[in-house]
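Here's the structure we're looking at; comments come further down.
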Amino acid sequence: MSLGCFFLFFCSLFLLFYFTSSASQSDPSELRSLLEFKKGIQSDPLDRIVSAWNLSNLRNQSSCPVSWPGITCDSTTNSVTGIILDRLSLSGDLKFSTLLNLKSLQNLSLSGNHFTGRLVPTLGSMSSLQHLDLSDNEFSGPIPGRIAELWNLKYINLSRNGFEGGFPVGLPVPFRNLQQLRVLDLHSNKFRGNVREVLSELINLDYLDLSDNEFYGELGGLSVENVSGLANTVRFVNFSGNKLIGGFLKAEVIALFRSLEVLDLSNNGISGKLPSFESMLHLRVLQLRNNQLFGAIAEELLNGSMPIEELDLSGNGISDSIPGIQSTTLNILNLSSNGLSGPLPSFLKRCTVVDLSRNNLSGDMSVMQNWEATLEVLDLSSNMLSGSLPNLTSQFLRLSKLILRNNSLEGNLPLQLGESPGLSAIDLSLNQLSGPIPGGLFTSLTLSNLNLSRNQFTGPIPLQGSRVGELLILPSYPKMESLDLSYNSLTGGLPSDIGNLGSLKLLNLSNNGLSGELPIELSKLAYLQYLDLSGNKFKGKIPDKLPSSLIGFNVSYNDLSGTVPENLRTKFGISSFHPGNSLLVFPGGQPTTNSVPDQLPANSKHHSSKRGVTIGIIVGAIVATLTILVLLAYHRVQQKEFHGRSGFGGQTTVRDAKVERSARSSLFKFQSNVHRKPASLSFSNDHLLTSKSRSLSGQTEFANEIIEHDLPGGAAASSAPSDPNVLENYPTTSGRKSSPGSPLASSPHFVQPRDQSVKLDVYSPDRLAGELFFLDASLAFTAEELSRAPAEVLGRSSHGTLYKATLDGGHMLTVKWLRVGLVKHKKEFAKEVKRIGSIKHPNIVPLRAYYWGPREQERLLLADYIEGDSLALHLYGCWEKDLHYCCVLAVLWFFKLSF
């Protein structure tokens, strides 16, 4: 080898050694950047980062700190490529400018912490960044326009933060410069922008979620040019919970989205006729709930020609009947809160969740015998279905929740009900079911929530002799959490086996014919929160040591005696014990009166005939007339001036009346029973049952309807929750954990007024959640206006409470809030109201509208408010007129109190 060749070989080895040695050392500026970044972490409760990111923990301080938690390095260049600190409960104010020296950083993921701070414009110089995930933190401020300079970005997730401001459009470097971007998730922030301009900036995306922001504009105004860069590639689009208005997408625009699999436009103000979707050949999930769409359901959504798996059209104005559902891919179907009519669909295949509640469906349920579905949740509540209940459990063995409340079902319950191996919740309340309650409901190993209230069941509570004592006390078995059998005709005693239902949180047996002594085993119910035994024939003592967890308690209208336990008399007011129970003893005096009952027990209705009622009214009217005349004569002789009294039905003290008349805040907040505790706790299971996921109705969710009305509110502040709707919150893929690849957004239900009726489905304590119907087309206001109306009490009767409500525009209404139990069935109620509303007479104030809510305490009659003295004042002044006038007024007064 020549000397030149040897020298060349030696130089090559030297250079190779030099560069290899240099590559094995990291840039010290990267370590300094990480340590500066760490200074922004002010709290590290899991001690995963602050103590670990330390130079003393590095064996070689000149190498990339791959041993530090959350740091990834490139072994070739020995540089930091990733910072991944997801879900470590970290908090602090981060300075993103400290990361600018990380020239090879590709992945910055900080999701699921409590970080604050702002995105700085200099972030645009980190050209190597490909993955940016700051979701579920507390970052704020706008998106800097320079983010469009990160041309390598493939994934951006800024969701669930406090970002705000306009979407970056019209900048020198347009957002559409991010041609490699495939995922853009900005949901649950406060971004705004016109939908036309925003979509024009987006190209080549697979996944777009802009839900729960403040984007606006007319969806129907989008042209082919606006969406052409996005439509060819996008598979997931979620614009729910924004301010979109106008008609639906045009047919030529819909035709461009041939790759679309998930479309969610829920909770906007989109109106118009429901279009055809047959050009969307790959559509699996369609969510359009809570808009103002109308018309019939497109056939291709149900006939099996499309691969639809989840269809939610709830809370719109969709009408017509439901055809046979032939689709073999449809898994979740929600058509609730529409105007659907006719019978149940004749065919139904494969579905696991079906919600057809709050429509006008009618007919017999026997058609369900033809269904080939593998149902897990069935909700047909608040329709007009009739006939007997078929044996569903033999056909739907996977059924977990059965909700058929508020229909016209009759007959006995199938003996097999409750034998379905997964059945956890049953709500058959507000029907006309009769006969004994099957004992199998109490031997089920899975049933945790049972509501059979407001039916006509008879016989004893079938706990005694059942296997409940053997099974439900074992910790390995599920236990009953809520049991509501109120307003039936049950007899016999309360079995001591009730003590074995150790997980009970709600027990409502009010307004039956139960008798005997209360079992001491009630004290074993350690988790019991609500106990209502009012309106029965119980006698003897109240058991000592009832659980301290009680927050709702009522034993009024019984024949109990003895000393009231101290823990009860110090915690609950007099209305929890009286009226009734005249032999109860309160050492140290009775507790303070904290309420006056709005309603009396309904069990008397089972034992009186129409003839008896008529005779009672006549005799009572005569007695009342004579009594009032005697009192008036006494007042005239004594010449005492009449001072304002409450006088309305004898149900309110003078102090209470004054307080309520001075209360001007809005009273139309439906999750309460007006202002006071009811005599019988009008609560149900709802507030106890929580859903692990959203309701199909958005909700709700049953906000509370049980299990989304996912409950909204509950009862008045001092009473138990009063929402009788049960079991309407069930597991579903409608929420953000939807079918694979569809994390769909959720927000409250809202439907704008349409024609003569307004439908709202809002699981919120300050909004109406039912249907407002006008009998007079000249009257114009929304249900939301009514919910805001300041109101004052005018009086009470056994029909309910009368209010004066003032709308936003100054128009005053008289609102009759009907008491619970007065009306049960919507169809008969509507027919009667319309008949009364058709009466025209100059001396009769006509009805203007009526409201039917999803809960039984939400029944209103609305008329114009007329200034004038009350009947009471006229009666007190009648001594100046003739005797005939006094008698007529006295009879009218009696009938006012009676009805």
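The values are calculated or read from the model by the stated rules, or taken from the named source; none is laboratory data. Quick caveat: nothing in here was measured; it's all calculated off a predicted structure. Every residue, glycine as well, gets a Cβ built from its backbone with ideal geometry; the counts of neighbours run over all protein chains shown. Side chains included, ligands, DNA and RNA excluded: accessible areas come from the protein's heavy atoms. Shrake-Rupley method; radii C 1.70, N 1.55, O 1.52, S 1.80 Å.
Under the condition of being open to solvent by 30 Å² or more (accessible area, probe 1.4 Å), closer than 9 Å to residue 865 by Cβ and either assigned to a loop (DSSP other than H, G, I, E, B) or at pLDDT 85 or above (or both), the residues counted in segment 807-823 number 1. Restricting attention to segment 221-268, the residues being more than 25 Å from residue 164 (Cα to Cα) and of a type in the set (S, T, N, Q) number 5.
Of the residues in segment 189-207, at least one is under 31 Å from the mean Cα position of the chain (by Cα), at negative phi and among the polar types (S, T, N, Q).
Checking each residue in segment 526-572 for being more than 19 Å from residue 508 (Cβ to Cβ) and either in contact with a helix residue (DSSP H, G or I) (Cβ under 6 Å, 6 or more places away or on another chain) or of a type in the set (Gly, Ala, Ser) (or both) picks out 540, 545, 548, 561, 562. Screening segment 295-410 for strands (runs of 3 or more DSSP E) wholly inside it with 2 or more residues that are farther than 27 Å from residue 827 by Cα returns the ranges 310-312.
For (1) out of contact with any His (no Cβ under 8 Å at 6 or more places or on another chain); (2) closer than 30 Å to residue 346 by Cβ; (3) among the acidic types (Asp, Glu), each residue gets a yes or a no:
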position	(1), (2), (3)
250	yes, no, no
259	no, no, no
266	yes, yes, no
297	yes, yes, no
302	yes, yes, no
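Residues of segment 457-499 that are open to solvent by 20 Å² or more (accessible area, probe 1.4 Å), part of a helix (DSSP H, G or I) and at pLDDT 85 or above: 496, 497. The number of residues in segment 500-544 being assigned to a loop (DSSP other than H, G, I, E, B), under 19 Å from residue 460 (Cα atoms) and more than 32 Å from the chain's Cα centre (by Cα) comes to 3. With respect to the conditions (1) buried (at least 23 other Cβ atoms within 10 Å of the Cβ); (2) farther than 20 Å from residue 290 by Cβ, residue 270 lacks only one, and its number is (2). From the list 157, 137, 161, the one residue that fits, being crowded, with 18+ Cβ neighbours inside 10 Å and closer than 15 Å to residue 40 by Cα, is 137. Counting only residues that are at pLDDT 80 or above, buried (at least 16 other Cβ atoms within 10 Å of the Cβ) and assigned to a loop (DSSP other than H, G, I, E, B), segment 835-864 holds 0 of them. Checked against the criterion of being among the aliphatic types (A, V, I, L, M), within 17 Å of residue 242 (Cα to Cα) and in contact with a strand residue (DSSP E or B) (Cβ under 8 Å, 6 or more places away or on another chain), segment 164-181 contains not a single residue that satisfies it.
If you filter segment 231-246 down to residues that are touching a strand residue (DSSP E or B) at 6+ places or on another chain (Cβ under 9 Å) and among the β-branched types (Val, Ile, Thr), you find that the one that is surrounded by the most Cβ atoms within 10 Å (Cβ to Cβ) is 234. Scanning segment 44-81 for residues that are open to solvent by less than 50 Å² (accessible area, probe 1.4 Å), more than 19 Å from residue 94 (Cβ to Cβ) and part of a loop (DSSP other than H, G, I, E, B) turns up 58, 62, 63, 64, 78. Can you confirm whether residue 341 is in contact with a Gly (Cβ under 8 Å, 6 or more places away or on another chain) and either among the acidic types (Asp, Glu) or closer than 23 Å to residue 366 by Cα (or both)? Considered against the rule, which asks whether it is in contact with a Gly (Cβ under 8 Å, 6 or more places away or on another chain) and either among the acidic types (Asp, Glu) or closer than 23 Å to residue 366 by Cα (or both), residue 341 comes out as no.
Checked against (1) of a type outside the set (Gly, Ala, Ser); (2) farther than 17 Å from residue 336 by Cα; (3) open to solvent by less than 10 Å² (accessible area, probe 1.4 Å); (4) over 25 Å from the mean Cα position of the chain (by Cα), residue 302 meets all criteria but (2). With respect to (1) of a type outside the set (S, T, N, Q); (2) open to solvent by 50 Å² or more (accessible area, probe 1.4 Å); (3) at pLDDT below 95, the lone exception for residue 190 is condition (3).
Residue count for segment 765-804, restricted to those that are at pLDDT 75 or above, open to solvent by 10 Å² or more (accessible area, probe 1.4 Å) and among the hydroxyl-bearing types (Ser, Thr, Tyr): 1. Scanning segment 346-385 for residues that are of a type in the set (Gly, Ala, Ser), over 18 Å from residue 304 (Cα atoms) and surrounded by fewer than 16 Cβ atoms within 10 Å (Cβ to Cβ) turns up 363, 366. Would you say residue 146 is touching a helix residue (DSSP H, G or I) at 6+ places or on another chain (Cβ under 6 Å), within 29 Å of residue 72 (Cβ to Cβ) and surrounded by fewer than 20 Cβ atoms within 10 Å (Cβ to Cβ)? Considered against the rule, which asks whether it is touching a helix residue (DSSP H, G or I) at 6+ places or on another chain (Cβ under 6 Å), within 29 Å of residue 72 (Cβ to Cβ) and surrounded by fewer than 20 Cβ atoms within 10 Å (Cβ to Cβ), residue 146 comes out as yes. Annotation: residue 160 fulfils all but one of (1) part of a strand (DSSP E or B); (2) in contact with a His (Cβ under 9 Å, 6 or more places away or on another chain); the unmet one is (1).
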